[in-house]
Amino acid sequence: MEVLQIEVGKRYNVGMHEGKHISSLAEVTDDQRGCVLTIGKFDGVHHGHRELIACARQIADDATTAGGVYVPLVAMLFWPSPEAILWPDRPWQTLSTLDQRIRRLLSCGVDAVVTVEPTVGFLSLPPETFVDAIVVETFAACAVVEGPDFSYGRDRGGSLDDLRDAGEEHGFSVHCIEPHLIDVEGSSHRVSSTQIRRLISEGAVELAAELLDGPFELAGDVVTGRGVGRELEFPTANLHVGDQVVPDEGVYAGVAILDGARHVAAISIGTAPTIPSEQRLIEAYLLDYPGADLYGQTIELQFHHRLRSQKRFDSREALQHQIQQDVAHVRSLVQL
């Protein structure tokens, strides 16, 4: 379930770059036609995605210089994931909400993000029809930029070689960006959304941040909790996060973003073994937050460091003492 609502046709100002969200293929206009096009799910908009976008941006800029007419860079974004449509009974977890993906793509230099709902009918298009209807007729793309694993059309039957053949026929170029490898502590890691989801589910948020090119962010609505944190003098915001991947149980140091303001946060994930809960809780204590109750508001949590695993304490007093130590540790680790 999507956590953040998207305004149709909304324009985003990200740094010095202004971009637009377009909610369907039917709303694509001449401003997007003739573009450099990239297509995907872009879950997390990680290091590999950012490198691909940077290459696509350069191709668009070079085409603008050569032709004298501005060539936009457009990302066609599948939402929700095609896998969730084809296999609805399977649990699917995401790294990022739709709003996060749009904002991050635009921050990389994309001019417009076009979201497409991958219905069964859409996913059943033969590869040739997909190219004709999407790349040629809708976008009139001058170039398509993808990674080596890109496929399209019914049963993912269209390959990059097929796309190149279609490009020669219709007059667009195809560029393949090789997988991004990143060196972390002497080990080489291929950057992929699947790899990052695994790391986060294991609690390895520091390594995940290296692959994401920034801390993992979990967005959710603040819901009514049990009030235990308030009783212990550390009132927490309890989050409902839908189908996003959640870090492994433990205590984390991070940042809570609320209405654009950033607050250092101590984050606890788990079933609270000292005062047990039937459900896994996602609780954030915002250090030095001066405001009122947060119920009903949306918060983004950034995970910077994992402090410790969850454990059971013999008393509430012992738990409260540990929380005090955790908060002090968080304060020493996270500086705004």
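Nothing in this text is a laboratory measurement; each read-out follows from the coordinates by a stated rule. Note that this is a predicted model, so its numbers are computed, not measured. For neighbour counting, all protein chains shown are included, and Cβ atoms are generated from backbone atoms with ideal geometry for every residue, glycine included.
Treating the Cα atoms of segment 101-175 as identical point scatterers in vacuum, please give the log10 of the normalised Debye intensity I(q)/I(0) at q = 0.16 Å⁻¹, two decimals. The Debye formula, applied to the Cα set alone, gives -0.63. Summing Lys and Arg as +1 and Asp and Glu as -1 over all other residues whose Cβ lies under 11 Å from the Cβ of Pro72 gives a net charge of -1. Net charge near Gly250, counting Lys/Arg +1 and Asp/Glu -1 over other residues with Cβ under 13 Å of its Cβ? Once positives and negatives cancel, what remains is -2.
Note on segment 58-105: the C-alpha convex hull projects to 4.6 nm² when averaged across all orientations.
Across segment 11-179, the relative contact order, built from alpha-carbon pairs under 8 Å that are at least six residues apart, equals 30 percent.
With log10 I(q)/I(0) by the Debye sum over Cα atoms at q = 0.08, 0.12, 0.15 Å⁻¹ in mind, check (1) -0.53, -1.04, -1.29; (2) -0.33, -0.80, -1.35; (3) -0.43, -0.88, -1.23 and report the label derived from this structure. Among (1) -0.53, -1.04, -1.29; (2) -0.33, -0.80, -1.35; (3) -0.43, -0.88, -1.23, the one calculated here is (3).
The sum of -39500 (n - 2.57) across all DSSP H runs of n ≥ 4, divided by the residue count of the chain, sets its helix-only mean residue ellipticity at 222 nm to -8000 deg cm²/dmol.
By the Kirkwood approach, averaging reciprocal distances over each pair of separate Cα atoms, segment 41-160 gets a hydrodynamic radius of 15.4 Å. You can think of it this way: the chain between Arg308 and Tyr295 has 1.9 nm of extra reach, that is 0.36 nm per residue less the Cα-Cα gap.
Using DSSP to call loops (not H, G, I, E or B), can you name the trypsin sites (Lys or Arg not before Pro) in segment 97-151 whose Cβ has at most 15 other Cβ atoms within 10 angstrom? For trypsin sites (Lys or Arg not before Pro) across segment 97-151 that sit outside H, G, I, E and B with at most 15 neighbouring Cβ atoms in 10 Å, the list is empty.
For segment 279-330 versus segment 32-71, the inter-centroid distance based on Cα atoms is 41 Å.
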